[in-house]
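Here is the structure we will look at.
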Amino acid sequence: IEIRQKAFFNCCSLMNIDLPEDYSVSATAFKNCKLLHQRFGEMHEAKSKDGTRDDIATTPCRERIRLGLSTRYHGYPIHKMCYYSSTTTVKDLIQEIVDQGEGRLLTVLDAFDMTPFHGLCSSVEPRKDLLQLLVIDYPSHVLGYRDANGKLAMDYLVANWTLQTASMLEILLQYWIVRRIHQWGENNNACGIAKMIQQISNLVEETIQDRRTELWDETCSALELYETLESISVLELALWKKEHLSSGWNEDRTKRIGLDRQQSLIQCGASVVLPNVSAFLGMELVPSSCDY
């Protein structure tokens, strides 16, 4: 296989490509492919005959790109199986996940910061059965990882919209957002679960691409808000725990019991820390009605 002159000219964000080891590449095949140069070698500037600047990969840099692409999935078998989803069987993927064990979490990001979810969602034939295996075997926070182009795995599903990808997006959003919010407490309305479920439903059912993209952006913005609230809640719990572990006893050495929320806020310092942290995060702290 030979990749000829300017075959990928100006493909600045090119990364979702896997090539065999026995291919050759011309000097300008990956010209202006900035992401490849950033990942596998420096950008070398040269001057053309008319004196203008021209970005041409030198032989060493070109060789690093060639090797980088041809060995992209070395050490990342699960990523490769997800990328080649059309030929991957459920049995084979299960076996690979079992073989890797906990080690799969140490190699969750490849050379382009893509997770197995990215590989599957950007493949030619995304499959729901493989996705359901990944959802079982990877923690939900992995879905929040962005690749080298700043994209979530779900961004690829939104961009490549079919009935299949719509169904897969709904599964991922339920796993990534709704289940996390549900863990905050039983008051679904106060915690925003009902609203988020409706927003997801509107997104999945939308047939107009521009409107769907807009709904997706709104969903991501809503999640950022929930993540901020979640982080503040975790901080508050940490402050409470520290106070109760270090000062959980009265002066007469009897165990302190029956502290209400307001007392705990004052004694652990949360009433001072949380407003300042929330201001730093760009939001106004309001009393939460969720059960901690």
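The values are calculated or read from the model by the stated rules, or taken from the named source; none is laboratory data. These figures come from a predicted structure and were not determined experimentally. Note: ideal-geometry Cβ built from the backbone for every residue, glycine included; neighbour counts use all protein chains shown. In case anyone asks, the SASA skips ligands and DNA or RNA and just uses the protein heavy atoms, side chains included. Shrake-Rupley method; radii C 1.70, N 1.55, O 1.52, S 1.80 Å.
Of the numbered criteria (1) open to solvent by 30 Å² or more (accessible area, probe 1.4 Å); (2) within 28 Å of Met154 (Cβ to Cβ); (3) at pLDDT below 85; (4) not in a loop (DSSP other than H, G, I, E, B), the one Asn16 fails is (4). For region 85-96, state whether one or more residues are at pLDDT 85 or above, closer than 30 Å to Tyr138 by Cα and assigned to a loop (DSSP other than H, G, I, E, B). Within region 85-96, one or more residues are at pLDDT 85 or above, closer than 30 Å to Tyr138 by Cα and assigned to a loop (DSSP other than H, G, I, E, B). Just so you know, in region 97-119 the residues that are loosely packed, with under 11 Cβ neighbours inside 10 Å, of a type outside the set (Val, Ile, Thr) and assigned to a helix (DSSP H, G or I) include one that is farthest from the chain's Cα centre (by Cα), and it is Gly101.
Given the structure, is Lys47 among the basic types (Lys, Arg) and at pLDDT 80 or above? Write out each step before concluding.
On the way: among the basic types (Lys, Arg): yes; at pLDDT 80 or above: no.
No: the conditions fail for Lys47.
Scan region 259-279 for residues that are within 21 Å of Thr228 (Cα to Cα) and either modelled with pLDDT of 70 or more or open to solvent by 80 Å² or more (accessible area, probe 1.4 Å) (or both) and the total you get is 13.
Looking only at residues in region 19-41 that are aromatic (Phe, Trp, Tyr) and in a loop (DSSP other than H, G, I, E, B), the one that is farthest from Leu67 (Cα to Cα) is Phe30.
Can you find a residue in region 63-72 that is part of a loop (DSSP other than H, G, I, E, B) and modelled with pLDDT of 85 or more? Within region 63-72, one or more residues are part of a loop (DSSP other than H, G, I, E, B) and modelled with pLDDT of 85 or more.
Answer yes if at least one residue in region 119-136 is basic (Lys, Arg) and within 27 Å of Thr228 (Cα to Cα), and no otherwise. No, because not a single residue in region 119-136 is basic (Lys, Arg) and within 27 Å of Thr228 (Cα to Cα).
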